[in-house]
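The values are calculated or read from the model by the stated rules, or taken from the named source; none is laboratory data. This one's a predicted model, so the numbers in the text were calculated from it and none came from an experiment. Neighbour counts run over all protein chains shown; Cβ positions are idealised from the backbone, glycine included.
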């Protein structure tokens, strides 16, 4: 059986965090000296999911360059300038990561970005998340939940003290999806999606969060996985500061890996 691949949306401009994103793509903004993207990938890899598809856009070349130079950036090295010979002294933990860098357009919407990576999905089920949020979510439980209900899509519902796409829920089924409205039920769209490949039939050039998810909900094909643990996205300098302060604590709440 093919292992489910992890698609991460990395192409947005991050305009609300412009202090950082004027010079760097948002997924490379650092928490504790490591990109947000690295923290997200470490969470999936902890549960054994190490095949990633990064949907690139704004300053995507910088994301490629980070991983192409990953060993030298994250290791002690000895460089012989005359021979241009590099000796790497450390064994990186991430050496089994397989990363596909997909150019999905400078200004594409999220639905369009996902549609463009359809050719890289070789199994029936894949996972998807945003490149700017961390959580201590149990990925294996999320995937098992998705497979158990046999619907096209699963959204992870979280209940932070902020505004995101609201999930109107009956039981475990999402009956309505409304992006960025005042929360009534307490749970909002936290990303960490799981989809069957039938979702590609719903995708168009616009945002994933509008017509595609709305239609899935109306057709009874969208379920919610309730995550009541830690979750935080980074939209503002304040939120970035919160995560950097938590990273300095003895046990950062989303750091499930060793």
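The set of residues in the stretch 116-141 being surrounded by fewer than 13 Cβ atoms within 10 Å (Cβ to Cβ) and outside any helix (DSSP H, G or I) consists of 122 alone. Restricting attention to the stretch 19-47, the residues that are in contact (Cβ under 8 Å) with a residue 60 or more places away in the chain and at positive phi add up to 1.
Does at least one position in the stretch 196-206 carry a residue that is assigned to a loop (DSSP other than H, G, I, E, B), modelled with pLDDT of 95 or more and in contact with a helix residue (DSSP H, G or I) (Cβ under 7 Å, 6 or more places away or on another chain)? Yes, that holds for at least one residue. Going residue by residue through the stretch 81-98, is there one that turns out to be modelled with pLDDT of 95 or more, surrounded by 15 or more Cβ atoms within 10 Å (Cβ to Cβ) and part of a strand (DSSP E or B)? Checked against the condition, which is being modelled with pLDDT of 95 or more, surrounded by 15 or more Cβ atoms within 10 Å (Cβ to Cβ) and part of a strand (DSSP E or B), the stretch 81-98 yields no hits at all.
Has the stretch 61-70 got at least one residue that is assigned to a loop (DSSP other than H, G, I, E, B) and over 18 Å from the mean Cα position of the chain (by Cα)? Spell out how you get there, then give the answer.
Step one: list which residues in the stretch 61-70 are assigned to a loop (DSSP other than H, G, I, E, B), which gives 69.
Adding the requirement that they be over 18 Å from the mean Cα position of the chain (by Cα) leaves 69.
Yes; the residues of the stretch 61-70 include at least one that is assigned to a loop (DSSP other than H, G, I, E, B) and over 18 Å from the mean Cα position of the chain (by Cα).
Screening residue 19 against (1) modelled with pLDDT of 95 or more; (2) surrounded by fewer than 21 Cβ atoms within 10 Å (Cβ to Cβ); (3) part of a helix (DSSP H, G or I); (4) in contact with a helix residue (DSSP H, G or I) (Cβ under 7 Å, 6 or more places away or on another chain) leaves a single unmet condition, (1).
Applying the criterion of being at pLDDT 75 or above and in a strand (DSSP E or B) to the residues of the stretch 156-174, the residue that is farthest from the chain's Cα centre (by Cα) is 170.
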